[in-house]
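Notes for the one structure printed next.
The values are calculated or read from the model by the stated rules, or taken from the named source; none is laboratory data. In this text the structure is predicted, and so the values were computed from the model without any measurement. We place every Cβ from the backbone using ideal geometry, glycine too, and count neighbours over all the protein chains shown. To get the accessible areas, we keep the full protein, side chains included, count just its heavy atoms, and leave off ligands, DNA and RNA. Shrake-Rupley method; radii C 1.70, N 1.55, O 1.52, S 1.80 Å.
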Amino acid sequence: MFPGRMPLSPPGPAGPDPELELAFIERPIRRSLKTAEEIDQLTVDEDLNDIERAIYLLSVGQEVQKACIISNLPTLVRQNPAETFRRVVPKVREVLTGAAPEIQLAAATSLLTILQDDIILIHTHTFSILKTVLLHMNHRDPVVSGAWLETLLLAIDALPKDTIRQEVLNPLLYQSQLSQSVQGRLTSCRILGKVACKFDSLMVKTELVPLARSLCQDPESEVRVCMCRQMEIIARAVGVDDTRTEVLPELAELAGDEESSVRVAAFDSIINLMEMLDSEDRLNVLVPMVMAVCDGSSQVDEAVMLSLSFQFGKLCSGLAGFLSDEQKCVLLQKFRVLCVSGLPTEGNPADGTKSALIRSNCCYNLPAMVVFVESIHFLSDLYLPFSSLCSDPEVSVRQSAASSFHQVVKLLGSNVYLVHKELLSLLQDEALEVLDALSNQLDETLEVVLSRGENLTLDNKVRKPKLIQVMFMAHGPPPLSYDGSLGCFSCLLVPGSPQLSELLSALLSAEQKVGSSLRWRLHEKLLQRYRCLARLLPGQLLHQSFCPRIFIILTTNKVLPVQKEAARTFCTFLRYNRKQEQRQEMMERLFRDLAQGHSYWNRLRFLDVCEVAAEVFSRKYFSKHLVIPALELVHDPVANVRYKLCQLLPQLRSSLRLPADKLLLQKLDLCVQKFLCEEKDKDVVATIRKTVLELDKLDLTEPFHKRHDWDFLDQKKEKEEMLLLEMEHLERQQNEGIRIPNNHTERKRRDNKTSLSITKSMSMSSSTSASSSSKEMRRSKLSRSRSLSSQPPTSKPVHSEKSQKVKDLGSSSGLGKSSTMSTKDDSVRAAHFTLTTQSTSSMPVLIRSNTTSLLDRASILDQKDHRIRTLDHRTSNMDHRNNMMEYRTSNLDQRDFRTSILDQREHRTSTLDKRDFRTSILDQREHRTSTLDKRDFRTSILDQREHRTSTLDKRDFRTSILDQREHRTSTLGQRSKTMDHGYGTSDSQSKKLSINRKPSSFQSGRD
């Protein structure tokens, strides 16, 4: 690796010096970093416990060891608090005397950790901690003293009141004197604000408020600023009444201080105490102060403007009810000035960072200002500064505007179309930080913007042409068309409008810009926000614009979280698409490009899509469309794909429902068997073995009630999918049945027109016939009167003439309704009988009077005819109304028919739910029967075992009997042997006796 020795120094004209090289070679090399003595000093006996080791190192250790022990002091307190505070903490207090700042900071940090973590009961160890803190709080190093001060301020929260009064307040009175250092007086201000919330209002008013007043009059501006910050805490401690008399005058005096920092601190404190001020104080103290700051003629410090820009929204909302219209205009004008402060103008370059911070604060206060001016006046009062902030040259300002954009959009409501151009500019911003800030709440923004676009006309209550001209001249036309006849704007954010296409193209360009960068987390977040478009836009628009881009991300992007989020967005678009053809096309492309792709990477992404789809869709939809293509990947030549499929098998199994998915379950079992029998990759084999165990647990040991919540959620998803399908079906019916209802309505209109014309003609004919008959009757009456005056008539012709009149009247009234005809006939008949009686009685005597009475009665009949004609006209109107009512009832019948169809569908869904419940009950019963079968099988095995044991017991009994018999036979054999032996001995004895007897007998014979 190193071909030659590197030279020690650059070669000169005569080459390297050999003496220097030799000296370097002969120099002794130090093998270790520490000498033996140093190692002995750093070595500690291993038999010591933690407490003893800490005491030993704090006594004789080096600075590094002491700092390490002090840093680990919280650990020692957790292990053994009593011994630590009894032996270690006093040693630490000794070490801190004259110690280096590093050890001081380590001690302050350790004690602060002990107090924050509540490791100990501080009441039991108050003296140990408080004495240590107070002893080193006045360190000459400001960093060290600040660290000890923070420890003390935290300890005050847990200290009792008596201890605070004795140990803290008494030194505080001494440190607040002018003879002490500035650092000591600043510490007194901090402690004074912290202690005020521990005591009652009377004690604070009598003892602490006079001390705070003296510190407010300190000659050092730093002390006055610090005390101004703490006056807010003291005001909350003394209460509302004392704040008005004790605290507010001091703050008002400090608001006119010569130092700008003091004025800013007093101004902030007064605004923060605004909810504690009554209406009189707000009107007499706060409003003049704000007006003095906002007055354009006065020169105000930039620091005050910075504070005002941050508090502007809170100030306007708190003083809205106490300002006149002129004062509101002054505040709005000041806000407009702050929104453009520091921007480059003609001849003036841009200011520094404070101006950019002021404009960022204005962006922060935009929602409060929209509430202040109301949304109807947004165009005239706030649109120009809002547009200026959204197009600010500073990235931080545009980022702040993007962060508050969703709140402004919500407050605008129906006037959201006014900020369409600004939304496009923020989406197309070059800085990704702006897009990141906008995408945090982009789903809420798009929901408001696109939901307002459903209405074709929005009454924005802005009908002033001057405002429209101002906006047109300044920033171009808004995304609306002004309708002069309506006096309002017509919104164009509808499908097919150019404004909507601009918004979609801006969203797509933003995603492409982020996708081409390295900000993959922003890309993931943006895709997550785009999922809301499935509920806001038609599926056709999403299918044409967003789905191709989602496929590109799935096939080309290499970041796994982005791909999974793209898969979830794709599944969401697919679920809410109500076009069967488009869904089919998306699924075919998914299978063609991913499931059957040439790259194993695409096939892995298909399994990721299946994993996400199992969460998005219902089990029914998932098992119907995605289980079989996923199981076909068991034949994949790449082991990584098979490995992923093995991990996905439990999820596939949980999506199946028996007995409907028996075939899919058989295919899944075949897939598992293929893995177990034919798999050669060791990782896949190990994974499939684990998966088989999980499948067994899923099938056998998982009870039904644990899956009930998951099943309930799945049923909800399935109902939503059924509703989407029904909506799609209804849309198709509406689109296909537009012409048929139109023809039907035209026919009804024609029928109504013909009926109306018939009724009109009938009424006209009846009226004309009635008028002609009345004229003829008058003529006949006149002729009769003349004839009667010339010739004396008889009763018969008069009767015949009157009967002819009755016939004429009956014929004239025969065109009416049946009810009116009956009334007419009765009246005519009554008139006829009265005439006949009068003619028979008085005709021979008075002829002139008879003729005049006849004429009067004829006029009465004419009036009756007029009434009949009016009644006919009314009946024709009633007929027309009846026809209209019939038309409306027919429409209602159609609606009732549709509702009946929907009721039938709901009944079908309820029956399907009942069937699902029954199938679940059957599954439970099958599970129970299977368990019972297993129990029966086990009991049968146990019975067989018992039978075997009984037979073995019988065999053992028989063998024991045989053993007993053998034992008996053996005993009998032994007895027989003994008897034989006894018989043998007896025979031998008998023989001996016989032998003995023989000589005895022989001797006796001799004898």
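Here the accessible area is traced with a 1.4 Å probe on the protein chains. For the range 616-701, carbon and sulfur cover 55 percent of it. Ranked by the mean number of other Cβ atoms within 10 Å per residue, highest first, peptides 419-427, 529-537 order as 419-427, 529-537. Stretching residue 969 away from residue 380 to a fully extended chain increases their span by 199.0 nm, per 0.36 nm per residue minus the current alpha-carbon distance.
The calculated FRET efficiency for residue 63 paired with residue 354, based on their beta-carbon distance and R0 = 35 Å, is about 0.20.
Using 32 Å as the Cα-Cα cut-off, could you pick out the over-long pairs in 564/914; 525/644; 328/421; 680/717; 674/934? Over 32 Å apart, Cα to Cα: 564/914; 680/717.
Each Lys or Arg adds one and each Asp or Glu takes one away; over the other residues whose Cβ falls under 14 Å from the Cβ of residue 46, this sums to -3. Could you report the range 495-538's accessible area per residue, 1.4 Å probe, as an integer in Å²? So the range 495-538 comes to 45 Å² accessible per residue, rounded to a whole number.
3J(HN,Hα) couplings calculated from phi for the range 512-517 with the Karplus curve 6.51 cos²θ - 1.76 cosθ + 1.60 (θ = phi - 60°) are, in sequence order, 5, 5, 5, x, 7, 9 Hz; Gly and Pro show x. For the peptides 504-512, 648-656, the ranking by mean Cβ contacts within 10 Å, running from highest to lowest, is 648-656, 504-512.
Each label was represented as a point 7 Å from its Cα along the Cα-to-Cβ direction; for residue 871 and residue 690 these points are 9.8 nm apart. Reducing the range 250-300 and the range 576-599 to their Cα centroids gives an inter-centroid distance of 66 Å. Each of 528, 501, 554 was scored by the projection of its Cα onto the charge dipole of the range 489-647, and the greatest displacement toward the positive side belongs to 528; charges sit on the C-beta of Lys, Arg, Asp and Glu. The residue among 957, 900, 883 whose Cα reaches farthest toward the positive pole of the charge dipole of the range 867-975, with charges on the beta-carbon of Lys, Arg, Asp and Glu, is 957. Bridging of residue 314 to aspartates and glutamates at a Cα separation below 14 Å is possible for 268, 275, once same-chain residues fewer than 8 apart are set aside. Excluding residue 220 itself, what net charge comes from residues whose Cβ is under 14 Å from its Cβ, given Lys and Arg +1 and Asp and Glu -1? Residues near residue 220 contribute -3 overall.
Put a dot 7 Å past the Cα of residue 557, heading toward its Cβ, do the same for residue 977, and the two dots end up 10.1 nm apart. Distance between the 7 Å Cα→Cβ label points at residue 337 and residue 716: 5.6 nm. The length gained on full extension between residue 735 and residue 201, counted as 0.36 nm times the residue separation minus their Cα-Cα distance, comes to 184.7 nm.
Accessible area per residue for the range 209-367 is 44 Å², calculated with a 1.4 Å probe on protein heavy atoms, without ligands, DNA or RNA. The aspartates and glutamates whose alpha-carbon is closer than 17 Å to the alpha-carbon of residue 558, local same-chain residues fewer than 8 away aside, are 511, 524, 593, 608.
For an R0 of 51 angstrom, estimate the FRET efficiency from the Cβ-Cβ distance between residue 220 and residue 47 and round to the nearest 0.05. Rounded to the nearest 0.05, the efficiency is 0.35. In the context of the full set of protein chains, residues of the range 616-701 present 55 Å² of accessible surface per residue (probe radius 1.4 Å, heavy atoms only). By accessible area, using a 1.4 Å probe on protein heavy atoms only, the range 148-275 has 48% of its surface on carbon and sulfur.
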